[in-house]
1. If I stretch the segment between D130 and K170 completely, what's the gain in nm (0.36 nm per residue apart, minus their alpha carbon distance), one decimal?
2. Amide H of R102 versus every other amide H placed in the peptide plane: which residues, excluding those fewer than 5 positions away on the same chain, fall under 5 Å?
3. About the Cα centre of region 109-210, how large is the charge dipole given +1 on each Lys and Arg Cβ and -1 on each Asp and Glu Cβ? Please answer in debye to the nearest 20.
4. Using square roots of five times the C-alpha gyration tensor eigenvalues, list the equivalent-ellipsoid semi-axes of region 1-122 in whole Å, biggest first.
5. Is there a pair in K4/K191; K26/K190; K55/K143; K4/K95; K26/K75; K14/K36 whose C-alpha atoms are over 19 Å apart, and which pairs would that be?
6. Label H69 and N98 with points 7 Å out from Cα along Cα→Cβ: what is the distance between them in nm?
7. Read phi for every residue in region 256-271 and hand back ³J(HN,Hα) as whole Hz from Karplus 6.51 cos²θ - 1.76 cosθ + 1.60, θ = phi - 60°, with x for Gly and Pro.
8. At q = 0.20 Å⁻¹, work out log10 I(q)/I(0) for region 101-193 with the Debye formula, treating every Cα as an identical point scatterer and leaving solvent out; two decimals please.
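Laboratory data are not the source of any read-out in this text; all were calculated from the coordinates shown. On a predicted model such as this, the values are computed, not experimentally measured, just so you know. Cβ placement follows ideal geometry from the backbone for every residue including glycine, while neighbour counts extend to all protein chains displayed.
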Amino acid sequence: MAMKPSFFIVGAPKAGTTALHAYLEKHPQVCMSRDKEPNFFSWQEIEAQQLYYKKENARTEEHYLALFHPSAQTKICGEASVSYLFYEKVPERIKKYNPDARIIMALRNPVHRAFSHYQMDYSLGLVHEDFETIFRNGREHPKTGAYFQQYFLLSDYAPQVERYLRCFPKEQIHVLLQDDLVKHPEATLKKLCDFLGIDRALASPVLEQHNVTGAGKNRMIRTLYKYQFVRKTLALLTGEKMRNKIKGLLFSKSHLPVLQPSFAAELRTYYQPGLERLQTLIGLPVELLSGR
């Protein structure tokens, strides 16, 4: 009989979820899904929106459970789908599927998260519009509304966290900060192991960085790289060493867009009420997420 997942890394995007997935994947007591983002509880909304990310989602429980391959040592199964934090009905679906589920949220300074998300999409050739223009256009703009959602609405954490608190008791929800993962990885990961009930001593001592963004050195490279089959072909035809060498030749951090300080200050003001509400909900000091 298949082992159902008992914990879910629900987001936020660009807040360390890929690193957490990779870290837990190495723990002998943990089985992570083969596909990092199966989106089993959110595929309806993703496909209804026709978002610009193209991937295969797990639409059936059979497909979903086939992504897990527990061993004799496996104590718990889990997955990481960052779409789970944003879509309204997902907490209820997870609750119905597993009332005892443990929920992990990785949060990040909302301005930094939004712009990092934009830089990632820019580097993949998925967006060409200016970051500030997308914000000015708003959610309803026919051309850039989806980008406004992905960058700016996904950084508005309070309503997203509140939905999970309505479905799960606080003791089943663990919030960690991307900044703590970077600055205090050992203490942060020990708390995570304790929350999941797995042996700290068996955990990897290293948290590796993932999804470090660099942009293609011209628009043609970025346009080609947006196609998943191009990225997969590169991965299949080259080893990691050669792949990194090719990326070093074609991509550079210096070609990424830069966030203007005046607009960053405006965004901090934009997110401040939500951060204060978040502090009331889960007790995190506003300063930890506001960068002040």
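1. Full-extension gain reported as 10.5 nm.
2. Residues meeting the amide H criterion: F7, F8.
3. So the dipole magnitude of region 109-210 works out to roughly 240 debye.
4. So the equivalent ellipsoid measures 23, 17, 13 Å along its semi-axes.
5. K4/K191; K55/K143
6. 1.9
7. 6, x, 10, 7, 6, x, 5, 6, 4, 5, 4, 5, 4, 5, 4, 8
8. Here the Debye-derived log intensity ratios amount to -0.99.
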